[in-house]
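The values are calculated or read from the model by the stated rules, or taken from the named source; none is laboratory data. Treat the numbers as computed from the prediction; the structure is a model and nothing was measured. No Cβ is skipped: glycine too gets one built from the backbone with ideal geometry, and neighbour counts run over all protein chains shown.
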Amino acid sequence: MKIEGQTALVTGGGSGLGEATAHELARLGARVAVLDVNLAQADKVAAAINAAYGEGRAVAYPCDITHTDSLQAAIDQAAAALGPARMLMSIAGIGAAKRVIAKDGSPAPLEDFVRVINVNLIGTYNVARLFAAACAKLAPMEDGERGVMVFTASVAAFDGQVGQQAYSASKSGVVGMTLPMARDLAQHGIRVCTIAPGLFATPLMKTLPEPVQASLAASIPFPARLGKPEEFAQLASHIVTNGHLNGEVIRLDGALRMAPR
């Protein structure tokens, strides 16, 4: 699919990997709907895109992927403002670390596990099903293609660390639904792929002390540095343009394999 002239939805577009992806898609000629629970951040990203590439290239809407009404409203508003979306970048998510048994011997609160699963896994499915239903109604393009979805997992889906039970389970779920969803939506001409990033220089990562960031970067075989959000965005954009990529999960991690802790 050619990116130029198409509309993209970017969940979690207000910062980090989502922000970089929104900018890259706009640079390549897309119209971008920046969706985020933090509307102030989403507005900043949309304003920066419009300043760089012309007014009307980006819009921002508040969006909670765990609430269907909020999500559907954002999708509908984006379609009205920019045209129906053929690209979905599902990047919104949360992180958490909690040992199964706390230091005082008590079990981990179940609600913490449920919250991570609800956002990262169920939220991803929620946005995917709503996007797919709308996209399937569009006229087919070259090769019968109607749209592309890119999900965000994590290397923690494969080698999660101590305390990452909820996070790893949620991202493993995203990995696990990639192929069956691609097969399911093949009849509608909608491709589905997932990126599993390693350690990236996101705003959350930058809140850690510099020595901690340096230690994490040194654990990556090559290049021995944190990933750049722009590199994630470039891969996400390539998935859109490479029509034979479908049902695939791609690790983007510099050959990193996470240690137990």
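Every residue, every condition in (1) under 22 Å from Leu121 (Cβ atoms); (2) over 20 Å from the mean Cα position of the chain (by Cα), yes or no:
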site: Ala47; (1), (2): no, yes
site: Ala52; (1), (2): no, yes
site: Gly56; (1), (2): no, yes
site: Ala60; (1), (2): no, no
site: Gln72; (1), (2): yes, no
site: Ser90; (1), (2): yes, no
site: Ala96; (1), (2): yes, no
site: Arg99; (1), (2): yes, yes
site: Lys103; (1), (2): no, yes
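Of the residues making up the stretch 206-261, just one is of a type in the set (Phe, Trp, Tyr) and more than 14 Å from the chain's Cα centre (by Cα), namely Phe222. Looking across the stretch 194-221, the residues that are in a helix (DSSP H, G or I) and not polar (S, T, N, Q) come down to Met205, Lys206, Glu210, Pro211, Val212, Ala214, Leu216, Ala217, Ala218. Just name the residue that is farthest from Glu4 (Cα to Cα) out of those in the stretch 138-189 that are without any contact (Cβ under 8 Å) to a residue 40 or more places away in the chain and not aliphatic (A, V, I, L, M). So, considering only residues that are without any contact (Cβ under 8 Å) to a residue 40 or more places away in the chain and not aliphatic (A, V, I, L, M), the one farthest from Glu4 (Cα to Cα) is Ser168. A Cβ distance below 9 Å, combined with a sequence gap of six or more or placement on separate chains, defines the contacts here; from the stretch 107-136, residues that are among the aromatic types (Phe, Trp, Tyr) reach residues that are surrounded by fewer than 18 Cβ atoms within 10 Å (Cβ to Cβ) and not in a helix (DSSP H, G or I) in the pairs Phe113/Ala96; Phe113/Lys98. Assuming Val119 fulfils every condition listed in (1) closer than 28 Å to Arg257 by Cβ; (2) modelled with pLDDT under 95 apart from one, which condition is it? All conditions pass for Val119, except number (2).
Of the strands (runs of 3 or more DSSP E) lying entirely inside the stretch 5-70, the ones with 1 or more residues being within 21 Å of Phe200 (Cα to Cα) and either touching a residue at least 24 places away in the same chain (Cβ under 8 Å) or among the acidic types (Asp, Glu) (or both) are found at 7-11, 31-36.
Please indicate, with yes or no, whether at least one residue in the stretch 64-84 is touching a Ser or Thr at 6+ places or on another chain (Cβ under 8 Å) and charged (D, E, K, R).
Checked against the condition, which is being touching a Ser or Thr at 6+ places or on another chain (Cβ under 8 Å) and charged (D, E, K, R), the stretch 64-84 yields at least one hit.
Counting only helices (runs of 4 or more DSSP H) that fall entirely inside the stretch 92-187 and contain at least 2 residues that are crowded, with 18+ Cβ neighbours inside 10 Å and of a type outside the set (A, V, I, L, M, F, W, C), the qualifying elements are 123-135, 165-185.
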